[in-house]
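I have placed the structure first, in the form of structure tokens, so that the comments after it can refer back to it.
The values are calculated or read from the model by the stated rules, or taken from the named source; none is laboratory data. All figures in this text were calculated on a predicted structure; none of them were measured in a lab. Here the Cβ positions follow ideal geometry from the backbone for every residue, glycine too, while neighbour counts run over all protein chains shown.
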Amino acid sequence: MKKYTTLLFDLDDTLLDFGIAEDQAFRQLMTDNGLPFTQSIFDRYNEINRSVWKQLEDHSLTSDQVKFRRFEIFCQEFKISISSEKLALEYLVNLSKGVQFIDGAWEILQRFRQDHTLILVTNGLSAVQTPRIQKSGLGSLFSAVIISEEAGVSKPSVAFFELAWKMAGKPEKDKMLVIGDSISSDIQGGINFGIDTCWYNPANAVPPLPVTYHIQRLGQLPEIIA
């Protein structure tokens, strides 16, 4: 079994359940501003949000633009007269409160932290991710935390993973493994940088890219990581 010394963990929907955080934050936003909440409205917001984050990955938007662009589109589409900037900022505050662990995440990190270098790698906004990392206690388990907005680069860019490599002490690449749920950022980024990848894939879908491993539960990681 190959021995990995450095583990790069994605945050959202790998360690923390971002879907729950989003749902709670969006419901609260709509309630506080006297706006209707329906599943179809929330689903449409999520479609807009995903498309905007994809533009970040493609380097056509900056992190700061992402904060506001999604609500500009949302307000235009649903003819909402409330300031899109106001909604965007309130949503960030709501979202920063969302901390719910993916099953087994805390235990897995505790298991590996003694014998491995753990680096937390997230495409995210500092105002959202920093409070969640602090509130969850995750910050104490990692040697370094890289948030794309602070780093000025995002997954899947080689520059992002090179930063993680440097923060880990420049280990041999064949000793590194990235673990995440996103094919387009985590897995593609690992491939771009030339390290092994582990796709956290609860739905057991067919990998659309050549992944090194794919798992349905975080509890399967000890079978991979010696």
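Do you know which of the residues in the range 140-166 that are surrounded by fewer than 19 Cβ atoms within 10 Å (Cβ to Cβ) and among the acidic types (Asp, Glu) is nearest to the chain's Cα centre (by Cα)? The extreme case among them is Glu150.
You will find that of Ile191, Ile179, Ile187, the residue that is modelled with pLDDT of 95 or more, in contact with a Cys (Cβ under 6 Å, 6 or more places away or on another chain), closer than 24 Å to Trp53 by Cα and not basic (Lys, Arg) is Ile179 and no other.
Across the range 214-226, the number of residues qualifying as closer than 28 Å to Asp58 by Cβ and touching a residue at least 24 places away in the same chain (Cβ under 8 Å) comes to 0. Taking the criterion of being more than 22 Å from Met176 (Cβ to Cβ) and within 15 Å of the chain's Cα centre (by Cα), the residues of the range 94-128 that qualify are Leu95, Ser96, Gly98, Val99, Gln100, Phe101, Leu125, Ser126, Ala127, Val128.
Checking each residue in the range 167-210 for being touching a residue at least 24 places away in the same chain (Cβ under 8 Å), among the aliphatic types (A, V, I, L, M) and loosely packed, with under 13 Cβ neighbours inside 10 Å picks out only Leu209. Within the range 164-183, work out how many residues are touching a helix residue (DSSP H, G or I) at 6+ places or on another chain (Cβ under 6 Å) and under 21 Å from Ser60 (Cβ atoms). The total comes to 0.
Screening Val66 with (1) surrounded by 18 or more Cβ atoms within 10 Å (Cβ to Cβ); (2) more than 15 Å from the chain's Cα centre (by Cα); (3) of a type in the set (A, V, I, L, M) gives one miss only, at (2).
Against the conditions (1) in a strand (DSSP E or B); (2) more than 18 Å from Trp53 (Cα to Cα); (3) under 14 Å from the mean Cα position of the chain (by Cα), Arg132 satisfies every one except (1). For the subset of the range 47-67 comprising residues that are polar (S, T, N, Q) and in contact with a helix residue (DSSP H, G or I) (Cβ under 7 Å, 6 or more places away or on another chain), which member is modelled with the lowest pLDDT? Among them, the one singled out is Ser63. Every test in (1) in contact with a helix residue (DSSP H, G or I) (Cβ under 7 Å, 6 or more places away or on another chain); (2) not assigned by TED's automatic domain parsing to the domain that holds Met176 is passed by Leu141 save one, and that test is (2).
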